[in-house]
């Protein structure tokens, strides 16, 4: 019996080890699948056009700086301008989205008023409607009132961001009990000031995460900007990347093309490398009702 | 919650939520109504000539569902494309994510380096989709590294034209969508599993349940609401598929528009001809589909309370 037991447990142990090896193999395979294209991007961005034509390799080519210089000073695709435009739009959108979402969430979280429940239900209902379905009307308005090539038309809609609102509301429910709010506010004092000076600082972690997420979302946004930004000097990075695709491909210095792609994703990649832990935590915090 | 104090704070509630609703009405609701209104009119540009707006009733809708001779107008085909492209990415996405979530949360397996793996698999989710797609285009083009590898290894004499076949174009789009979303889904499902009362697992273990039994009898039923939520939000996301196929196929949905999605089709009408009638009708159709789907989301979210 003893013998049987230890044989059983030995068998179970061997099974567990085998399972573990399989699981690690799957995880490593998926990791390589995720990283391979980006590895190739970095390698190829460091190779000259001639090297790229010559064949496949996994070793860097030593022309990173030449490619960077060529891409940075390209006559048809003004990438420094694109990066600047994208940065301005994304930064302002992130600030507006985060601030007004917190403000709206606080308005519903901290006060009792007649339309409170209706307002909350309404925001929840519009949360999943994609922005593309109102794009036709939005584009028409912008063309009618000469609002194309105007960054504000891409920034201001960020004030109403139901998903971010929902995240903030969830966060307040778990970390901002009404007792704290009651204690923080002085009767008759300006509630707006209470929000800005006391509530907002208490929301720092949630605000940081949402600043990053809304920045990334705006930075990567392609659909609406491509319909509204038609002037060369107003174009954002994703529009320029798509332009690369539609240009006569064979005439391009491929090292430069890879460099353009690298420049487009690098800012987000760098932020992610430093803040991945808190970003990953932020994925779940607001999206699933626990 | 309610404290009877001398001062009424109700007005602050209204003040704080007003900016949201003003922005919503101006930038979303009004354009939305305009989009629906436009869908009943003929209104487009042909070269320098402006046609309409003329009221045509349901004319645009009828046109959308009546395939024309050149084969460009065929909303059923594009809906089918969108669905096929979504399913091709979403099935592996959800299956693999569920597997990984179970691996990561299993005490028995005790997987090391979780933070590293999570960081790697979530990364593609934050990458600019259009740049990711452009990267895949360069990697898989006729002169790209993948073809260089194929010809150098002697698997094929001539480069494979990945963009000439329906299967390979769709396969690449599905692969990219899978890579971009499975990490995100893994993290969501992990949170779901960790939210399950641990004593249930212990009880199942004491009762002698195998890990497979525990998964099907305990984990899966309790995970259902989150799984349903994940699937439906993924579906709504899939309906909006645009950046990846648009850039990969240069807006053409090649070959023969078999990878043209609904939003790409919408973009075709909005881009050059500013055809507000047809784009309006497409938007309304997408809106109705999302409306039905979002009702399911809302129900899955509120059912638990």
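Every number in this text was worked out from the coordinates using simple rules, so none of it is lab data. Being a predicted model, the structure only gives us computed values, none of them experimental. Reconstructed Cβ throughout: ideal geometry from the backbone, glycine too, with neighbour counts over all protein chains shown.
How much length is gained on full extension from residue A:36 to residue A:15, taking 0.36 nm per residue of separation minus their Cα-Cα distance? Intermediate values should be presented prior to the final figure.
Numbers: separation 21, 0.36 × 21 = 7.56 nm, distance 3.12 nm.
So the chain would gain 4.4 nm between residue A:36 and residue A:15.
For the pair residue B:62/residue A:148, report the inter-label distance in nm, with labels modelled 7 Å from Cα in the Cβ direction.
My value for the distance between the label points is 3.1 nm.
Enter the Cα centre distance for the pair region A:150-191 and region B:87-148, rounded to the nearest angstrom.
34 Å
If I take R0 = 22 Å and measure r between the Cβ atoms of residue A:277 and residue B:108 in this structure, what FRET efficiency does the formula 1/(1 + (r/R0)^6) give, to the nearest 0.05?
Numbers: r = 25 Å, r/R0 = 1.15.
After rounding, the FRET efficiency stands at 0.30.
Quote the FRET efficiency, to the nearest 0.05, computed for residue A:91 versus residue B:250 with a Förster distance R0 of 45 Å and r equal to the Cβ-Cβ distance. Write out the running numbers ahead of the final one.
Values: r = 30 Å, r/R0 = 0.67.
Rounded to the nearest 0.05, the efficiency is 0.90.
Taking the number of other C-beta atoms within 10 Å as the exposure measure, put B:82, A:73 in order starting with the fewest. Can you show the working numbers first?
Working: B:82 25, A:73 10.
Least to most surrounded, the residues fall as A:73, B:82.
What is the order of B:42, A:173, fewest Cβ neighbours within 10 Å to most? Don't skip to the answer; put the middle values down first.
Working: B:42 18, A:173 12.
Sorted ascending by nearby Cβ count, the order is A:173, B:42.
How many Å³ per residue does the convex hull of the Cα positions in region A:76-247 occupy? Mind showing how you got there, number by number?
Working: hull volume 24.4 nm³, N = 172.
So the per-residue hull volume is 142 Å³.
Please order B:170, B:217 by the number of other Cβ within 10 Å, starting at the fewest.
Working: B:170 18, B:217 14.
Final ranking by Cβ density, sparse to dense: B:217, B:170.
Please work out the ratio of the alpha-carbon Rg of region A:2-64 to 2.2 N^0.38 Å and round it to two decimals. Mind showing how you got there, number by number?
Values: Rg = 22.2 Å, N = 63, 2.2 N^0.38 = 10.6 Å.
So the Cα radius of gyration is 2.09 times the expected 2.2 N^0.38 Å.
Could you work out how far apart the two model spin labels at residue B:50 and residue B:18 are, taking each label as a point 7 Å from the Cα in the direction of the beta carbon, and quote it in nm?
3.6 nm
Return the Cα extents of chain B along principal axes one, two and three, sorted largest first, each rounded to a whole Å.
Projected onto its principal axes, the Cα set of chain B covers 82, 76, 30 Å.
When the distances between all Cα atoms of region B:172-243 are binned every 5 Å from zero, what whole-number percent does each bin get?
The calculated distribution, bin by bin, is 3, 14, 21, 19, 14, 11, 9, 5, 3, 1, 0.
Under 18 Å from a point placed 7 Å out from the Cα of residue B:70 along the Cα-to-Cβ direction: which residues of region B:247-261 have their backbone N that close?
Label zone hits: B:250-261.
Using a 10 Å cut-off on Cβ atoms, rank the peptides A:22-33, B:276-287 from the highest mean neighbour count down.
Working: A:22-33: 14.6, B:276-287: 25.6.
Sorting A:22-33, B:276-287 by mean packing, highest first, produces B:276-287, A:22-33.
For residue A:183 and residue A:121, what does the FRET efficiency come to when R0 = 30 Å and r is the distance between their Cβ atoms, rounded to the nearest 0.05? Can you show the working numbers first?
On the way: r = 29 Å, r/R0 = 0.98.
Computed FRET efficiency for residue A:183 and residue A:121 comes out at 0.55.
Within 10 Å of each Cβ in A:115-128, how many Cβ atoms from other chains are there, averaged over the peptide? Show your work: numbers first, answer last.
Details: counts 4, 4, 0, 0, 5, 1, 2, 2, 4, 5, 4, 5, 5, 12.
Neighbouring Cβ atoms belonging to other protein chains average 4 per residue here.
Grab the DSSP H runs of the protein assembly as shown that are 4 residues or longer, score each as -39,500 (n - 2.57), total them, divide by all residues and round the 222 nm result to the nearest 500 deg cm²/dmol. Display every interim value, and only then the final one.
On the way: 28 runs with 401 residues, N = 595.
My calculation for the protein assembly as shown gives -22000 deg cm²/dmol from helical runs alone.
Where the convex hull is taken over the Cα atoms of region B:1-157, what is its projected area averaged over directions, in nm²? Walk me through the numbers on the way to the answer.
Numbers: hull surface 88.9 nm².
Mean shadow area of the hull around the Cα atoms is 22.2 nm².
Considering the alpha-carbon set of the protein assembly as shown alone, what are its Rg and its Dmax in angstrom?
My reading of the Cα-based Rg and Dmax gives 26.1, 93 Å.
How far apart, in nm, are two points set 7 Å out from the Cα along the Cα-to-Cβ line at residue B:142 and at residue A:28?
3.9 nm
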